[in-house]
Amino acid sequence: MEVENINPSVYSKAKQRAHTAADDDENLTDPFDTREIFDLIKNINDPEHPLTLEQLHVVQESLIKLDNDQNEVFINFTPTIPHCSMATLIGLSIRVKLLRSLPPRFKVTVEITPGTHASEAAVNKQLADKERVAAALENQNLAEVINQCIRVL
Amino acid sequence: MEFTEQFFQDALKTDESIEANSSILSREINNGKITISKFVEQIGFALTSQSVDQRVKGTQILSATLTKLPKDFLNNEEVSFVFTFFCDRLKDHHNVIPAVIDGITALISMDNVPKECPMQFLSSFFQNTTVQSQTRDDRAKLLSILEALTKRWSEELKTLGGDFVYNVINSIDGERDTRNVDFIFTFMPGFCKTFPLLHLAEEMFESFACYFPIDFNPSRNDGRVITREDLAEKLADCLVASEEFFEWDVALIVEKLESDLTVAKVDSLNLLSRCSEAFSSSTITPYFEQLWLQLKNQLLSGTDNSEVMSSALKALLKLLENATNSTDQSLSKSYQTQVLGTILPILGDANHRLFNAASSVALVCVSADPAFASEKILSSFYLILEGDSCKTEEKTKILAISSQIFRICSVKKSLKSINTPETEKLHARFLELLKDKETSLSVLLCLQECLPIVNEDFRKAMYSHMIQVLTNDDEEVDISTILWNFAKFYPQELHSECIEKVLRNLPIFQLSVKAKIYQNLSSLVNIEHFEKPLLETLLFNIFENPSINEQILALNALEEVLSKSNSVSKLDENFCIVESILKNATKASNVEVLENFMKIICLVVKNCSLEEQIELTGKYLPNLNLNSTSDLYLTKGLLGNLHKDVSMDEHFEKLITDLMNTSLKSDDEGARKVAHLLICSLVNKVESKSANKSYIRKIVAFIKEEIKKGDKKAVELLSWIAKGLLVKGDEDAADIVEDLAKLLDHPTLSEAAVLAFDVISFEYPGLHLPVVKFLFKQKLFHIVLKKIWDKLEAFSEHHLKAFGYVVLATPHSVLKMNIEKIGPVLFRCLDLQDSTDTLRNSLRICHNFIKEQDEYFKLHLTHLVKQSLKLTTYPKSMHVRINALELIEDITKYPEFVVLPLKTDVILGLTGSLDDKKRYVRNAAVKTRNTWFLIGSLT
């Protein structure tokens, strides 16, 4: 397969989340926050490069919105180039990873950052369609590619 | 014995008879019963037989006999006679050759060998056969013969000239067996140095070069291990064996560097290093430009292959050093100019992609020629710093590299040569950066490397900056190494300009600043100049300062100082640390202060010699009253870390009585803990004499009486005594453990008895047990298992809990041997919902077994998964939940067909944990759940 973006910009990784006293307190509840969601998806591997989505700035903490009480998660991701044919695959990987990692009470929306991809609307529509996501996972080959992306090395 | 023809015919029947009779023959020849010529005559029937087999056997018995003869037995004529015979045999059938080779091997090691014999053999051998047409073992023997000949008769062989060299090349060319190749590589470098290679140098080189780079993977079953690295190293020896080879070496290096294989590149670069070491600069100079071009391609290609990079840097270093070591002074400059000409432009831009690679090259240049290279590099740095556009990040990078350059210069003892006005100007520029908060620390770190050439004004500026760093409140910095470097070169000046000022103003600073100051100064204690001011300040703050917090801070600092000091006992002698603590301790009431006193005395005692320990205890122990809390702590400090040979018999009974008193009567938990640790240590340490033993039995009996009265404290005390005895391997320990085990059924003392097993099993950090019996943990496990097995089988709750503690302390291998027995008990422990400790202990043990994919657990995975999933929602402790999740994750390490049936249950079972209230639990759940999703889905 030909690599579309041969020389992507690589960014540094965020530092590990700081340990706080509240983390060890049995009685306190740690609410979900954007950083936690970001930590879930930052290590997804890019389908083209041996880099993570965090290093390519495809996902960023500032582009995640979370409403813990209303059980809603909203994520924007930014393809490295506007014609990236991998955008759907990346979006799907993010969805699947969150499907496996977040409690079922959350409604997760994954969309392309507005204005960063040529066929933004089409991709968003595909990602929002539950049936199509489920169908994609039924496909053995596709499921394997996604599993490769979201496995932590 | 008569050597008739019949005898010889019998002797030649089998290989065994040849071997046995050759021994007899050699003995008889040695005794003069038969001469060698007579012997040869006698077996003539075999040697001249028409049957090849007979001829082989005849030659074999002759060779075997020769091998067994003493080295000095045969005279020149006899050796010459046999030699001629063997040379003649070389024309014979090829089956005869192996026996001839054995014979020649025996002959050339004889003392009397006429010098024409080897030539005769060689010319006959090369005329009639070749080395490479023999079997592997014979090739090995022939190569050994060649080696022996070239070592012993090198002068004679030299007269053979090119023919001999040609034949040797033919003999080694195309060798395929690794062991033989290894042998060739070992002896050929010496050969190439001894014999002029004439017009055959290139042929010789080619016969080695065809192996380059070595491609060899040793098989694991090979007894004699030859590694690829060994061969590569030896091959390089061959390739640099003659100065004439260099021309072709260069071609080889250039060719192999173009390869994509890391091994080829690394071997070529290592070969270049070896060439630079072996050959003279006049040989290398004509090729330098070409070689630098190649090295540049490797070094500045932006590769991240660290192996290639480090080999390339090493090769460059050797190449440059070769020039530095030559008599021609200008050569090094000319090399350096070429290299620096390439890298200086890159160093001028700190954001350049290749900046890091170029700086590594720069450091190599400095290592090879410190004076010349560092002057050039530093002046280019000066120009960059002068420029307006230089950013902080660039400045930090430049400072870091300058620091390394200075360090190399100082190691190479050439700091003086860079002590120029230019360097001073650069230093001045650096000092300006001292004002900028982001670069100031880098400046200090950089200049500390070249302190001998930093002028006084600059040093003063640095002192005042260090004072500022040490005394400001807003940042944690460690400048202790910088202070240490200053102290090495300018102790007086550092003291008067910096340390004294800081210490004088110490009282006005906040606690956090003081902590920072103590931290940074503590390592200076090993420099004589600072010992006194530092210790005096600390001791003053410990004993004279009314604030408890100040005391504790100073005590912690003293502890740090003592742990860093090289001569603790000398410090104690000079500053009477122990004595002043003992004198002042009565005033102290704060437990933390007392604990610190204890630690410091401990540290001092620990670092004393045996005699000093005896002296210390003899001096102070009699005055200590264990009924006072402060004295109890001090006694623990004094006795807690004693060497096992310091006898305590004299004080033993009194000490134990007093300590028992504290343990049973006192309500101060801290004091009781100290008393327990001390009792345990003393019981463990005391000599196993009958007097001591009967005393211990007496007190154990007394404690048992107390236990009968229902005293929980007595149970705890007993457990500590049991611990001391058990570690020592005392035979009474098992009885006490049994008594404790019985208490597990007691209506009121069962909880205390469970904790007693925790005490016995746990390794306490502050507890010093000098006498340790081999395998005591294993012994404890077996004692406990024996004593409480019946109850364990009945799954009695307290017994399970107690057992949990013991099992945790038992080595994994012991548990593994008994897994069939303890497995069901462990599973049962996982059901004890009210004991967090037991759950954690048993989860941890199960986890250890799961990690190594234990067979027993494999059979019970379904059950284990069910129990662990239940524990992932255990409300009382997040650690239990996390441990359970980690265990479930590692279950996936079992083969896929084992775990796949469990997949759906686990994934569904973990959904709840994804919404756990603690983030750490959620993280573990996410990791575990995602790992389970991947089972069976990746091919």
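Each reported figure results from applying straightforward, stated rules to the coordinates on display, with no laboratory input. Predicted model only: the values in this text are computed from it and were never measured. A quick note on method: Cβ atoms are made from the backbone with ideal geometry, for glycine too, and the neighbour counts reach across all protein chains shown.
Panel order for B:Tyr805, B:Tyr620, by other beta carbons found within 10 Å of each beta carbon, from fewest to most: B:Tyr620, B:Tyr805.
Dividing the summed helix terms, -39500 (n - 2.57) for each DSSP H run of n ≥ 4, by the number of residues in chain B produces a 222 nm estimate of -22000 deg cm²/dmol to the nearest 500.
Look at the stretch A:139-150: the mean tally of other chain Cβ atoms within 10 Å of its residues' Cβ atoms is 2. For region B:207-298, the spherically averaged projection of the C-alpha convex hull amounts to 6.4 nm².
Overall, the ratio between the Cα radius of gyration of region B:1-43 and 2.2 N^0.38 Å, rounded to two decimals, is 1.06. Look at B:Trp292, B:Trp789 and count the other Cβ atoms within 10 Å of each Cβ; fewest to most, that gives B:Trp789, B:Trp292. Packing around the peptides B:777-783, B:135-141, taken as the average count of other Cβ atoms within 10 Å per residue, puts them in this order, highest first: B:777-783, B:135-141. Tell me whether region B:342-383 comes out rounded, prolate or oblate; compute the Cα gyration tensor, take square roots of the eigenvalues as a ≥ b ≥ c, and use a/c under 1.5 as the rounded threshold. Oblate, because a/c is 1.5 or more while a/b does not exceed b/c.
Applying the criteria of a DSSP loop state and at most 12 other Cβ atoms within 10 Å to the trypsin sites (Lys or Arg not before Pro) of region B:675-740 yields B:Lys689, B:Lys709.
For trypsin sites (Lys or Arg not before Pro), the sites in region B:164-195 that DSSP calls loop and that have at most 14 other Cβ atoms within 10 Å are B:Arg176.
Rg of the Cα atoms in region B:764-826, relative to 2.2 N^0.38 Å, amounts to 1.20. Both the radius of gyration and Dmax for region A:96-143 are 12.2, 33 Å, in that order, over alpha-carbon atoms. Decide, for the protein assembly as shown, between rounded, prolate and oblate: order the square roots of the alpha carbon gyration tensor eigenvalues as a ≥ b ≥ c, take rounded if a/c falls under 1.5, and otherwise choose prolate if a/b is larger than b/c, else oblate. Because a/c hits 1.5 or more and a/b exceeds b/c, the protein assembly as shown counts as prolate.
Taking the C-alpha atoms only, the angle from helix B:548-564 to the longest principal axis of chain B is near 20 degrees.
D for chain B, whole µm²/s, Stokes-Einstein with Kirkwood Rh over alpha-carbon pairs at 37 °C and 0.692 mPa s: what number? After rounding, the answer is 89 µm²/s.
Pairs of alpha carbons in chain A separated by more than 20 Å make up 51% of all such pairs.
The alpha carbon centroids of region B:22-44 and region B:908-939 are separated by 86 Å. Rounded to the nearest 10 degrees, the inclination of helix B:591-606 to the longest alpha-carbon principal axis of chain B is 30 degrees. Annotation: peptides B:896-904, B:480-488, ranked by per-residue average of other Cβ atoms within 10 Å with the highest first, follow the order B:480-488, B:896-904. Along its first, second and third principal axes, ordered by size, region B:830-939 spans 40, 30, 18 Å in Cα coordinates.
Taking Cα atoms only, the orientation of helix B:136-152 departs from the longest principal axis of chain B by about 80 degrees.
Is the shape of region B:762-912 best called rounded, prolate or oblate, per the rule: a/c under 1.5 gives rounded, else a/b larger than b/c gives prolate, else oblate, with a ≥ b ≥ c the square roots of the Cα gyration tensor eigenvalues? In terms of gyration-tensor shape, prolate. If you run the Gaussian network model on chain A, springs between alpha carbon atoms under 10 Å, then out of A:Pro103, A:Pro82, A:Pro47 the most flexible one is A:Pro103. Among B:Phe702, B:Phe458, sorting on how many other beta-carbon atoms sit within 10 Å of each Cβ, with the fewest leading, yields B:Phe702, B:Phe458.
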